[in-house]
Amino acid sequence: MSNENKSKSLISSQWKWELFFLLLILVSGLGVRLIDLKDPPLDFAATRQLRSALIARGKYYQWNQEAPEWKREVAIKQGRHSMIEPTIMETLAAAGYWILGREAVWLARVFSAVFWTLGGAALYLLAREMVSINGAMIALAYYMFNPFGIAASRSFQPDPLMGALIVAAWWTFYRWFKDSSWKWAIWSGLAAGAAMLVKSTAVFFLLGGMAVLVLLKKDFRRTIKDFQVWVIALMAGVPVLAYHLYGVLVVGTLGQQFQGRFFPEMLTTVDYYQSLLNAVSRVAGHELLLLLGVIGLFYFRKRREFGYLTGIWLGYALYVVGFTYHSTTHYYYHLPAIPLIAISLAGESEWFFNRTKKLRTTRWLPFGLVLVVGLGLLGGNYLLKKDDYRHEPHFYQKVAGFVPREAKIIVLSQDYGNRIAYYGWISPRPWKSPPASAVDDPYPEDLENFSQYFEDYSAGFDYFIITRLRNFRSREYLAAYLQDNYPVHREGGGYLIFSLSERTDS
């Protein structure tokens, strides 16, 4: 889209109006994410958020030498989790705890929301250069007030920071493509490197678009001789490569994280594509918005914009194929799709404004933006307040308090035991069902196999705490075996505790 064809509006005619609406969207978008700030982080991807909360707690108490020794011991033990991504957000939250002098998990929400908002500023600058102020405002409004994004982008996990850094890398690399300056080469390398270090899946949203722009900028021979290209590639790739080599070759556990994510057989089933469509549509806000986002790609007429965005969309397609399981079950894996759809909507919006100049549709844009902000604030307030989790911590503290602090505990509890671990200050072992090859509940002839599995799994443990009662009753073998062989230590509303230190059949 050439500058001559870019639509005019009240916003684009005065820089003060542009700044006003930019700040209105950004500040309002940040503000809505801070609603109900101190509600426990159980509203979105609770298992993942509590994992980060446990790691952050462990770091904080490791630094806090004045805390009670038992708390330090439990917190540090809880914080030892399998290696996945670098614990950047967790370390930042722990530093915030240290400054405050107490654990305050809501701080992580503030950090995530601020990072996402800064990503919105980068998105606006990118869309402004690709299309115009009008299209950029629409892209930003969608990015900041997407319903799924409101909840997901304030969650305590690396994804909001990764998403913001992806957008920063898109913008800085686009600027480098236009200017060929060392300043933008370094900034783009830093942004891309930081995004992939925060979470390596960012590579799918970066590599394709960057590769297309590099090839459009110069032919292949000139590209491999361009020192700036090599600097960007090294700054982007070395940090994440070093981290993974350390995790695989030194620690030895990171390689396990790549298991259980790619199931090629899923690609041959209709259910996979239906589940994928449901997931992406939920993140986009609606199937229509997803469709408009895909179609919007084709409203970018210049080779550089069309090629750049096409490369990113293709990277996203490879991403969902490579993570067949998580892309259909873990919706936050699609969080970077929000800024990608936003950019595509910017191109589509610009085309609409240019085609309706005679109707002077752009004069209504300021009113439309105010309406979107108002609806976003109201909708976000409802979304974040419709569920209240403030009663949960007390329940798990109470249940965990029924067993001695030093006891060894197995749990069948919410979020793979993370919830009772965090609020109950215990370090339990989550119950893991035997492999299907070892025992399958409907077949009673495998009961002997189950009993041997249970005895091996529970050896040395003192108590079995159950807070997922419905799930417990559906596990026929587990329920029958515990009830037939072990006494009930404590029972009440929503919980059941068996003592494993004695048997009723002895």
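Counted by neighbouring Cβ atoms within 10 Å, the residues V488, V32 run from fewest to most as V488, V32. Ranking S181, G424, A164 by how far each Cα lies toward the positive end of the dipole of the chain (charges on Cβ) leaves S181 at the top.
Using only the C-alpha atoms, the convex hull of region 313-425 corresponds to 154 Å³ per residue. Taking a cut-off of 16 Å between Cα atoms, list the lysines near K77, but don't count ones fewer than 8 places away on the same chain. Cross-link targets: K59, K408. Each stretch of four or more DSSP H residues adds -39500 (n - 2.57); spread over every residue of the chain, this sum gives -20000 deg cm²/dmol at 222 nm.
Among I420, I76, I99, the order by Cβ neighbours within 10 angstrom, fewest to most, reads I99, I76, I420. With 20 Å as the limit, the listed pairs K225/K302; K38/K432; K38/K385; K71/K398; K178/K225; K71/K385 have K225/K302; K38/K432; K71/K385 beyond it between alpha carbons.
Under 5 Å between amide hydrogens, built in the peptide plane, is the criterion, and for H489 it picks out I497, F498, S499 among residues at least 5 positions away or on other chains. A cut-off of 5 Å between modelled amide H atoms, ignoring neighbours fewer than 5 places along the same chain, links R429 with I409, I410, V411. The calculated pair-distance distribution of the chain uses every alpha carbon pair, bins of 10 angstrom beginning at 0, and gives 4, 17, 25, 24, 16, 9, 5, 1, 0 percent. Derived scalar couplings between HN and Hα for region 310-325 equal 4, x, 5, 4, 5, x, 5, 4, 5, 4, 5, 6, x, 10, 4, 6 Hz in order, rounded to whole Hz, by the Karplus curve 6.51 cos²θ - 1.76 cosθ + 1.60 (θ = phi - 60°), x for Gly and Pro. For region 392-499, the Kirkwood radius over C-alpha pairs fed into Stokes-Einstein at 25 °C and 0.890 mPa s yields D = 173 µm² per second. In order along region 207-224, the Karplus-derived 3J(HN,Hα) couplings, from 6.51 cos²θ - 1.76 cosθ + 1.60 at θ = phi - 60°, round to 4, x, x, 5, 5, 5, 5, 4, 6, 6, 6, 8, 6, 4, 5, 5, 5, 5 Hz, and Gly and Pro are given as x. Each residue of region 33-47 is assigned a 3J(HN,Hα), and the resulting list reads 6, 9, 5, 6, 4, 9, 5, x, x, 10, 7, 8, 6, 4, 4 Hz, derived from the Karplus form 6.51 cos²θ - 1.76 cosθ + 1.60 (θ = phi - 60°), x at Gly and Pro. Relative to the dominant Cα principal axis of the chain, helix 88-100 is inclined by about 80°.
Counting neighbouring beta carbons within 10 Å and listing from fewest to most, the residues F204, F263 come out as F263, F204.
List the aspartates and glutamates whose Cα lies under 20 Å from the Cα of K218, skipping any in the same chain that are fewer than 8 positions away. In chain and number order, the partners are D179, D226, E305.
Since every read-out is calculated from the coordinates, none of them should be taken as a lab result. Quantities reported herein were computed from a predicted structural model and do not represent experimental measurements. So basically every Cβ, Gly included, is an ideal-geometry build from the backbone, and we count neighbours across all protein chains shown.
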